[in-house]
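Taking it in order: structure first as structure tokens, then the write-up.
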Amino acid sequence: MTAQPANRDFTRAGTLQPMQARDVTRHFPASGGHLAARLERDGILTLTGRGGETIATARLVQARDDRAALADVRLSPARADGAHLLAALVDAVFLRLPSVTSIGLPAAKQVPPVAALATESDGEVAIVRRSAFRQLPLLWRHQRAHVTYPLLRSAIGPQDRLPPLRPPRPDGLMYERWLAELGLTVSLRPIDRRSDLPLFHHWMNQGRVAYFWELAKTEEELDAYLAEQEADPHIFGVIASFDGEPTGYFEFYWAKEDRLGPYYEHEDFDRGWHGLIGNPRHLGRPKTLALFRSVTHYLFLDDPRTRRIMGEPRASHQKMLSYAADAAYEKLKEFDFPHKRAALVCCERERFFREVPL
């Protein structure tokens, strides 16, 4: 790739669709904190911290319709998280320019953090591809909430499907991402039965939720349900929020040792999830699809060894299958659980990051 000369300005080329040059995007580095990126009409991209202080700048220049480039990259020498700051600048470009699939950056010898993002090099230009960038744990997934386990075999689990040793569930905020298409921030955190039980009880006792989840029970019964999850290393519950407002409940599980495991050829790091929108204020296809894509994104970020996200919705639940298709899940077959006729769906890592806009 050859970057366009500096006098070819993206903001003067009429390509900033649908966002305007001065719009602000939000970014959540894994190192912590909230950042904002503003693109001025002279093509200067400025990254600021919570207090409005400038911590990084770059100049956006154009190569061609599906490629962009950042030049004159300046990262604050007072910060030790240069790769995270550079990732936020790259994210700001991808959010503003949906048709751009790759971004050229200065060589790593000029801007060392480039080595943590670029997967290709073209002479003096390092190339960051959108499909690879969205898999990097530099943004969105909060590092302090997670621990990474090596591949060690466990003696705990179904004896015919003994899994690797599973890490404990995350602690605190797990994931944050700004949704440009909605102007909202989506976040994920583990459910806490000590404080979230009334909300969980309210959601599970809504008729439209109870029809699918069959958990219209008392608070005491639901407390026992969540306590059982806390003791099970293969599954945990999550509260999803929009701009900090609790919106939905999801259960993330390792598919090998789940009830789904015996019904397909599982791999050690396959994941799966169940979900519901409990807050009626946030019903509707745009927000529901954004949540489904976000939980899939999180599960792929959580462990790079996860190649597939599996699911088993009711085969008759056409709306759910439609959402799944728009999040890059493919229906593989139908099969019979003891309690329902299910569709086996699968989202493959490569396809998700190639096709799903984030």
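Read-outs throughout are calculated quantities, based only on the coordinates presented, and are distinct from any laboratory measurement. From a predicted model like this one, the values you see are computed outputs, not experimental measurements. So basically every Cβ, Gly included, is an ideal-geometry build from the backbone, and we count neighbours across all protein chains shown.
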### Task
Find the relative contact order for region 178-355 and round it to a whole percent, using C-alpha pairs within less than 8 Å whose residues are 6+ positions apart.
16 percent
### Message
Just to be sure I understand: with springs between alpha-carbon atoms less than 10 Å apart, which residue in 59, 259, 314 has the highest mean-square fluctuation in the Gaussian network model of the chain?
### Response
259
### Message
Run the simple label-point estimate for residue 210 and residue 159 please: 7 Å along Cα→C-beta, distance reported in nm.
### Response
3.9 nm
### For region 60-109 versus region 169-224, the gap between their alpha-carbon centres in whole angstrom
36 Å
### Task
Give a residue-ordered list of calculated ³J(HN,Hα) values for region 201-216 (Karplus: 6.51 cos²θ - 1.76 cosθ + 1.60, θ = phi - 60°; whole Hz; x for Gly, Pro).
5, 4, 5, 5, 9, 6, x, 5, 7, 4, 4, 9, 8, 6, 10, 7
#### Entry: Cα-based helix-to-principal-axis angle, 82-96 vs the chain, degrees rounded to 10
90 degrees
### Separation in nanometres of the label points that stand 7 Å from Cα toward Cβ, at residue 53 and residue 230
3.9 nm
### Message
Please check: in the Gaussian network model of the chain (C-alpha springs, under 10 Å), which one of 26, 169, 79 has the largest mean-square fluctuation.
### Response
79
### Task
With a cut-off of at most 13 other beta carbons within 10 Å, and DSSP calling the residue loop, which chymotrypsin sites (Phe, Trp or Tyr not before Pro) in region 179-248 qualify? Please list them.
none
### Message
Give me the one-decimal nm value for the distance between modelled label points at residue 259 and residue 101, 7 Å along each residue's Cα-to-Cβ direction.
### Response
4.1 nm
### Task
Return an integer: the convex hull volume of the alpha-carbon atoms of region 28-169, in Å³ per residue.
149 Å³
### Task
Please find, in a Gaussian network model of the chain (springs between Cα atoms separated by less than 10 Å), the residue of 338, 304, 190 whose mean-square fluctuation is greatest.
338
### Task
Please report how many Lys pairs in the chain have alpha carbons closer than 24 angstrom, counting only residues at least 8 apart along the chain or sitting on separate chains.
10
### Query
Within the chain, what's the longest stretch lacking GluC sites (Glu not before Pro) that sit in DSSP loops with no more than 16 other Cβ atoms inside 10 Å?
268-358
### Task
Taking the chain as the reference, fit the longest principal axis to its C-alpha atoms, fit the long axis of helix 285-302 to the helix C-alpha atoms, and give the angle between the two in degrees, 0 to 90, nearest 10.
90 degrees
